[in-house]
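Chemist: Before we start, here is the structure in question, set down as C-alpha cells.
The values are calculated or read from the model by the stated rules, or taken from the named source; none is laboratory data. From a predicted model like this one, the values you see are computed outputs, not experimental measurements. Every residue, glycine among them, receives a Cβ derived from its backbone with ideal geometry; neighbour counts consider all protein chains shown.
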Amino acid sequence: MNVTDSAALILDPLVERYLCRLRVEGGLATNTIESYRCDLTKLQQYLAQHGVKMGDAIAPSVVAAFLASLRRQALAGSSVARMLSAMRGWFRFLVRERIAETNPLHDLTARRRALKLPKTLTRREVDQLLDMPAGSVAEDRRDRAMLELLYASGLRVSELVGLAMSQVDLNGSCLRVVGKGAKERIVPMGQTARDLVVDYIAHVRPVLLKGRASRALFVSRRAQALTRQAFWKLLRQRARRAGIAKSISPHMLRHSFATHLLEGGADLRAVQTMLGHADIATTQIYTHVERSRLKQVHRRYFPRQTRGKPLRS
C-alpha cells in the first residue's frame, strides 16, 4: 500500500483530535463535523502525495496548488468555499497549539465567489403548494401540516423532521427549535400552521401510531420520525401535483420564508433570530434577493428606461 492509499484510510490522529474539539467545545453539528472530516481527508491525501504530513510546516504555495487542483476538478464554488473554511480552522488550530508557527492561508487571498442568490418560490407558488387539498389518507394531512409549518417557521428540513412533541407549544403558537451547534431558539408558527398541527396531532398522528409511542412530532406508519430524504421526496411529489414546474427543495421554502418577510418590511435582526443565524451577514443575503426583485420591477414598470441607449438632452 502506498502512502496515498494509507492516508485515504487513516486520518491523522491530530486531525481527529481537532474534530473532537470542534464537537465538544465548538458544539458543531454531526453533519458539519463529517463535512470537515471529508475535506481534511482530501487535504491529507494531497499533502501525502508531496511527502508532507498534516502537522508539518506547509508553504502557502502548496496550499494554493491544492486549491487550484480542486477548481480543476470542477467542484462547485460552495464546495471549494467549505474546504477553505475547514482549512482555515485547521491551520488556526495548529498555530494555537504551537504545532505550527505560521498559518499558510494568512497571506493567501481567496478567490471571491460570485454572489449566488438563494432560489425562492414566489408567493403565488407558495399558495399553490400549500393550498392544494390534502387528500383523504393520513399521510396527505400530515404532509400538508409539515409543509405549512416549514414555510411558516423558516425551519431547516433537519429541524422539521427532528421536532419532538415536547418542542411544540400550541398555547404560545411557537416551537422550541434545536438548530446548528445545538443552539435553541423560539420560533412562531403562525395561526394557519398551528391549526393544521393541532388537527394532525388530534386526528392524524394517532392513526399513524396505532397505539405505539413516539417522541417525534411527525411520524410514519412505522411509528418513526420521517427522514430528510422521505420529506424531500414527498415535497417534490406535491409540487408536481400543484403544477409547480421548477425544481424544488425544502431549503427553498426556508429561503422563501426569509425573503417574503423582508419584502413585507420585517426587521433584519428579527429574521436572523427566527432563522437561527449566528452571523447577521448570513441573513443579509436575503436583502440582495429583495433588491434584485425591486430592480426587476423597476426595469419592467419605470417609464423612462433607456434600453441601453444614452439619454438625449
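Chemist: Taking the condition of being under 17 Å from Glu97 (Cβ atoms) and either in contact (Cβ under 8 Å) with a residue 60 or more places away in the chain or surrounded by fewer than 14 Cβ atoms within 10 Å (Cβ to Cβ) (or both), how many residues in segment 24-52 meet it?
Modeler: 3
Chemist: Please go through segment 207-229 and pick out each residue that is assigned to a helix (DSSP H, G or I) and surrounded by 13 or more Cβ atoms within 10 Å (Cβ to Cβ).
Modeler: Residues satisfying the conditions are Val207, Leu208, Leu209, Arg228.
Chemist: Go through segment 182-200 and give me each residue that's touching a helix residue (DSSP H, G or I) at 6+ places or on another chain (Cβ under 8 Å) and of a type outside the set (Lys, Arg).
Modeler: Hits for segment 182-200 are Val187, Pro188, Met189, Gly190, Thr192, Ala193, Leu196, Val197, Asp199, Tyr200.
Chemist: For segment 184-203, indicate whether the set of residues that are touching a residue at least 12 places away in the same chain (Cβ under 8 Å), assigned to a loop (DSSP other than H, G, I, E, B) and under 21 Å from Asp279 (Cβ atoms) is non-empty.
Modeler: The answer is no; no qualifying residue exists.
Chemist: Looking only at segment 140-166, filter to residues that are among the charged types (D, E, K, R) and buried (at least 17 other Cβ atoms within 10 Å of the Cβ); which one of those is farthest from Leu235 (Cα to Cα)?
Modeler: Going through the qualifying residues, I end up with Glu159.
Chemist: Would you call Val289 surrounded by 14 or more Cβ atoms within 10 Å (Cβ to Cβ), farther than 30 Å from Arg142 by Cα and at pLDDT below 85?
Modeler: Considered against the rule, which asks whether it is surrounded by 14 or more Cβ atoms within 10 Å (Cβ to Cβ), farther than 30 Å from Arg142 by Cα and at pLDDT below 85, Val289 comes out as yes.
Chemist: With Ser166, Ser158, Ser247 as the choices, which residue is within 21 Å of Thr273 (Cβ to Cβ), out of contact with any Cys (no Cβ under 8 Å at 6 or more places or on another chain) and hydroxyl-bearing (Ser, Thr, Tyr)?
Modeler: That would be Ser158, the only listed residue that is within 21 Å of Thr273 (Cβ to Cβ), out of contact with any Cys (no Cβ under 8 Å at 6 or more places or on another chain) and hydroxyl-bearing (Ser, Thr, Tyr).
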